[in-house]
1. What's the number of the only condition in (1) farther than 24 Å from MET94 by Cα; (2) surrounded by 24 or more Cβ atoms within 10 Å (Cβ to Cβ) that CYS291 fails to meet?
2. Could you check region 230-248 and list, in sequence order, the residues that are under 16 Å from PHE30 (Cα atoms) and open to solvent by less than 10 Å² (accessible area, probe 1.4 Å)?
3. Among helices (runs of 4 or more DSSP H) lying entirely in region 1-65, which contain 2 or more residues that are surrounded by 22 or more Cβ atoms within 10 Å (Cβ to Cβ) and within 22 Å of the chain's Cα centre (by Cα)?
4. Check ALA275 against each of (1) within 22 Å of THR382 (Cα to Cα); (2) of a type in the set (Gly, Ala, Ser); (3) free of Cβ contacts under 8 Å to residues at least 60 places away in the same chain and name the one condition it does not meet.
5. For region 182-206, what are the residues that are surrounded by fewer than 21 Cβ atoms within 10 Å (Cβ to Cβ) and in a helix (DSSP H, G or I)?
6. Cβ contacts < 8 Å: first residue without any contact (Cβ under 8 Å) to a residue 40 or more places away in the chain and away from the ligand (no atom under 15 Å from the Cβ), restricted to region 413-436; second residue open to solvent by less than 10 Å² (accessible area, probe 1.4 Å) and part of a strand (DSSP E or B), any location; separation 6+ or different chain. Result?
Amino acid sequence: MQYYSTRDMSCRVSAAEAILRGIAPDGGLFVPESFPQFSQQDISDMLHMTYPQLAAEVLSRWLTDYTKEELEGFCSEAYSAQRFESDNTAPLHMLSDSTAVLELFHGPTCAFKDFALQMLPRLLTAAARKCGENKKTAILVATSGDTGKAALMGFADVPGTCIGVFYPDGGTSDIQRLQMVTQSGENVAVFAVKGNFDDAQTGVKKIFGDADIARQLAEKGVRLSSANSINWGRLAPQIVYYFWAYVQLVRNNTVKMGDKINFCVPTGNFGNILAGFFAKKSGLPVGSLICASNSNNVLSDFLQTGVYDKNRPFMRTASPSMDILISSNLERLLFLLAGRSDAQCRAWMEQLRQSGRYDAGQLLSALHEEEFFGGWADDAQTAEEIARVFRETGYLCDTHTAVAVRVQRLHREKADDGRCTVVLSTASPFKFAPDILKALGQPAEGSEFDMLRRLSDVCGQSVPASLAQLETAKVRFDMVCRREEMAQAVCAWLEREAER
Ligand SMILES: *Cc1c(COP(=O)(O)O)cnc(C)c1O
């Protein structure tokens, strides 16, 4: 299967090349030229598979230039019981007869990004081999909190790679920051940026687009790549757990094979929910895809009006990983729904760049037909939802998940289609202990680690070991740079990396 750019369909590459490049030379994103099809029989066959087996099966249809054996090897390493706490990499928790929570936070960094970022280094180093690339790959990441740590964990000490992470100074939770600045590994660097996530992301995109930097690095034998969710190698592994959720619902007799189910996804950069759309287009019986936003509700406005407008105040919320006003992956959906038109996609993206806004009202009927819905919740409503779910069911969800639980509940009150809905749970509540404690009416005082222990007492679960050990871990990175210093910081760091 070939991939092409959303902004220039004549730019065609293999999956390995799409993964190696991260972003197309024209600034577009790589999309598959078609959707592989899974029949009902294919999905029935998955009922007997483990997560790593199912992952290799799904991925092999998209990544056709990787062998099945290769993918099986990668998946069994990336999704091992040791890395994901148990044999069930993504357990399903039934909140009610018709609402399930898919727990995607049992990986090494306690957020769903691990699903993609445990695979990406494996896919990427194999891609370099396949493409005969012998340059060192330097990964640059802009993070709103969770991607940074997950990417650091994935790439630390992977030969032939190095990784630099930029996070907004003060824009992440304390635990998220500590997870990053204590990261071990010879080939890692972490920078705080004065600004918000969009500033960090824009800065990283600028570095990618800078021909001078690319030339300087090429001379040193280094090429840049991205671990942000614009990379196809991050999106593809996320398609897998939509199938896994479905299979688990069939196994526990909540749905019959062939019944449609809905998904509700706490959304920021639109990567996770887009993977759900890809699962749907390739034959998984999916009805609605409900996009849940926090107060940065640019996507829910878009899904209602067809107008994308990022000209609004940026809000810092209790669900920081969704604090995003430019959802990069939406570009892929626009391209696909506009009948795979690169010219149209280019025009919208140019308007976005120039005025921060575009009108894709012509897509409203297609969005409706594909059953995309949007909703949002502010911090007070999110806190209320955390408390309500805990009170009524004893289940504790994190701030991001709670946004989605609320959006799906209100959506169902308005339009109950009788289908089962799976809410994707993207982070462990322990990553956001202060806000969870406040939501539960508990004192949120003392150190971050006092709060982890208090939360553990309240909910009766133990603190994830990877978070507990941060209390005594050494801080390795304390550099803060201004936006306009990002390129310089990267160059200085890569200079040292090239010599290592
Ligand atoms: C990254 C992240 C999101 C948003 O996912 P997107 O793929 O960017 O839409 C939601 N919740 C958590 C906890 C995250 O880390």
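1. (1)
2. ASN231, TRP232, GLY233, ARG234, LEU235, ALA236, PRO237, GLN238, ILE239
3. The helices (runs of 4 or more DSSP H) meeting that bar are 15-21, 51-62.
4. ALA275 satisfies every listed condition except (1).
5. If the condition is that a residue be surrounded by fewer than 21 Cβ atoms within 10 Å (Cβ to Cβ) and in a helix (DSSP H, G or I), then ASP198, ASP199, THR202, LYS205, LYS206 are the ones that fit.
6. Taking only residues 6 or more apart or on different chains, not a single pair turns up.
Residue-wise test of (1) surrounded by 20 or more Cβ atoms within 10 Å (Cβ to Cβ); (2) more than 30 Å from LYS260 (Cβ to Cβ); (3) over 26 Å from the mean Cα position of the chain (by Cα).
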{"residue": "HIS411", "(1), (2), (3)": "yes, no, no"}
{"residue": "ARG419", "(1), (2), (3)": "no, no, no"}
{"residue": "VAL458", "(1), (2), (3)": "no, yes, yes"}
{"residue": "ASP478", "(1), (2), (3)": "no, yes, no"}
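Results for (1) under 27 Å from LEU289 (Cβ atoms); (2) at pLDDT 95 or above; (3) in contact with a His (Cβ under 9 Å, 6 or more places away or on another chain), shown as yes or no for each residue.
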residue	(1), (2), (3)
TRP376	yes, yes, no
ARG388	yes, yes, no
GLY394	no, yes, no
ALA402	yes, yes, no
ARG409	yes, yes, no
VAL423	yes, yes, no
ALA427	yes, yes, yes
PHE432	yes, no, yes
ALA444	no, no, no
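The values are calculated or read from the model by the stated rules, or taken from the named source; none is laboratory data. Only a predicted model underlies this, so the values are computations on that prediction, with no experimental measurement involved. Neighbour counts are summed over all protein chains in view; Cβ atoms, including those assigned to glycine, are modelled from backbone coordinates with ideal geometry. In case anyone asks, the SASA skips ligands and DNA or RNA and just uses the protein heavy atoms, side chains included. Shrake-Rupley method; radii C 1.70, N 1.55, O 1.52, S 1.80 Å.
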